[in-house]
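Let me begin by presenting the structure, written as C-alpha cells, before commenting on it.
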Amino acid sequence: MRRISWVLLAVVLCLTTILAGCGKKNADSVVKDLGKVADKLESAKGAYQGAGVMTIHTGSAPQEYQVEVWYQSPSYYRISLTNGQKDITQIVLRNDDGVFVLTPSLNKSFRFKSDWPDNQGQVYLYQTLLSSILSDNTRQFAEDKDSYVFDVAANYHSHSLIRQKIWLAKDNYTPKQVQVSDSEANVVVEVKFNTFTFDTNLTKDSFDTNKNLSAMNDAKGTMAEVDENGVPVASTTEGNGTQGTEGLTETAAGGDMGSFGIIYPEYVPAGVTNKDTMEVPESKDHAVILKYDGVYQYTIMESRPVDRAVSLVPGEAVYIDFTTVGLLTGDQQRTLTWSSEGVEYRITSANLPVEEMKKVAASMQGESGK
C-alpha cells in the first residue's frame, strides 16, 4: 500500500507539472505568433491606433512628449508628437501624395517622396518593434507579470543607441513599454503606451492632407510652393508635367512673433570654427546667418517664417532626433531643413557629411537665442 501511495503521489505531481506548463509559451512560440501579427498588419485589414508618452533622457532634464500613432494598410501613417511644456506639435503624415511634415507653430509644411518609415524605424512604431524582435537571432526573452519582455538590438538613427527592451501584452501582443539604452545601459528613450488597439475606425480620410491641415488651423488660404532654399516659386498646375498644388489648402501665419535672437549649435565638428554671424537687416522673418569654416564649410540660416509654405522639391526624410524630422535636399550642395520651437533652420554645405549635419542640428534643439 505504501508503495502504491508513493506511485500515485508521483503521478499526481507529474500531472500537476504538466498542467501548470499548459498554455505557457516559450520564446520560439511567441516569435512565431509575432510573425503572424506582422503578416496581418500587411493584409488589407491591417491597422492600429496607439497613444502614450515618450520620454527623452538627454540634456539637463527629461523631455516628455505625447505620442499618437495611426496606421492603416498598405502604407498610411499619421504620427503626432506634442511637447506639452512648450506647446509644440509636429505631425508626420504619409498618404498617396507622399510624406508630409506639418509644424503648426511655424505654419510650415514639407512634402517629399520617400519610403519612410520603411528605411527609418521609430521606437513608437509597432512594425519597427516587431522587426527588431523578429530579426535578432540573439534575442533574450523573459516574462514580467502580464507581459513578455524581449531584449534585442536597437536599430535607430543614432549609433549610440545599442539595446532595447520591449514589453508586449501576453493576451494580444500589443506594445506596453519600450526602453532604448546606450552602450553603458543608460535608458535614453522610453515609451509607455497608454492605449493600443488593432480594432480601429480609421479610414483613408484619417490620413488626408487637407483634413489634417484644416485641423491645425481653421482659417484657410493659399499654400505657397517654395524651392530648396525656401524661395517662393510660381504655382504649377497638373497637366504640364510638373508637380501641382491643387487640392492643398493653407492658412496665413499668425503674425510677426518677434526676434528670437541668435541660436548657436552646441556641437561644432573638430577643425571647424564660427567665422561670421550676421542678422539679415530688415528681414521680416528675423533671419540670421552663421558661417563656419575649416575642415568643413557650411552655413546655418535661422528664421521665423511669416507665411506658411510647403516644400515640394525632391528630398529625403532625416530624423534629427526622436521627435524632429528634417528635409534633406540637393546633390552637390546639400541642405538640411527642419523646424523647432517656432524657428526654422537650414544647414547648407558642399562637404559637411549628413551625419555631421544631424549632430549639429541635434545640438540646436531646445536652445534659446542669445
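The values are calculated or read from the model by the stated rules, or taken from the named source; none is laboratory data. Owing to the predicted nature of the structure, the values given are computational and were not obtained by experimental measurement. Note that each Cβ is placed from the backbone with ideal geometry, even for glycine, and that neighbours are counted across all protein chains shown. With ligands, DNA and RNA removed, areas are computed over all heavy atoms of the protein, side chains included. Shrake-Rupley method; radii C 1.70, N 1.55, O 1.52, S 1.80 Å.
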Is there any pair linking a residue in region 137-161 that is at positive phi to one that is basic (Lys, Arg), with Cβ under 9 Å and at least six apart or on different chains, and which?
145/170
Can you find a residue that is open to solvent by 20 Å² or more (accessible area, probe 1.4 Å) and of a type in the set (Val, Ile, Thr) anywhere in region 104-126?
no
Could you grab the pairs with beta carbons closer than 6 Å, sequence gap of 6+ or different chains, first residue in region 203-221 and of a type in the set (Val, Ile, Thr) and open to solvent by 80 Å² or more (accessible area, probe 1.4 Å), second one at pLDDT below 70 and part of a loop (DSSP other than H, G, I, E, B)?
none
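Can we say residue 38 is at pLDDT 90 or above and in a strand (DSSP E or B)? Give the steps one after another, and end with the answer.
Numbers: at pLDDT 90 or above: yes; in a strand (DSSP E or B): no.
Criteria not met by residue 38.
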Looking at (1) modelled with pLDDT of 75 or more; (2) closer than 30 Å to residue 142 by Cβ; (3) part of a loop (DSSP other than H, G, I, E, B), can you tell me which one residue 51 breaks?
(3)
Filter result for the condition that a residue is modelled with pLDDT under 85, part of a loop (DSSP other than H, G, I, E, B) and over 21 Å from the mean Cα position of the chain (by Cα), over 184, 228
228
Against the condition more than 22 Å from residue 118 (Cα to Cα) and modelled with pLDDT under 85, how does residue 349 come out, does it pass?
no
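Collect the residues in region 157-180 that are touching a strand residue (DSSP E or B) at 6+ places or on another chain (Cβ under 7 Å) and either open to solvent by 20 Å² or more (accessible area, probe 1.4 Å) or not in a strand (DSSP E or B) (or both), keeping them in residue-number order. I'd like the intermediate steps shown before the answer.
Residues of region 157-180 touching a strand residue (DSSP E or B) at 6+ places or on another chain (Cβ under 7 Å): 157, 160-170, 174-180.
Result: 157, 160, 162, 163, 165, 167, 170, 174, 176, 177, 179.
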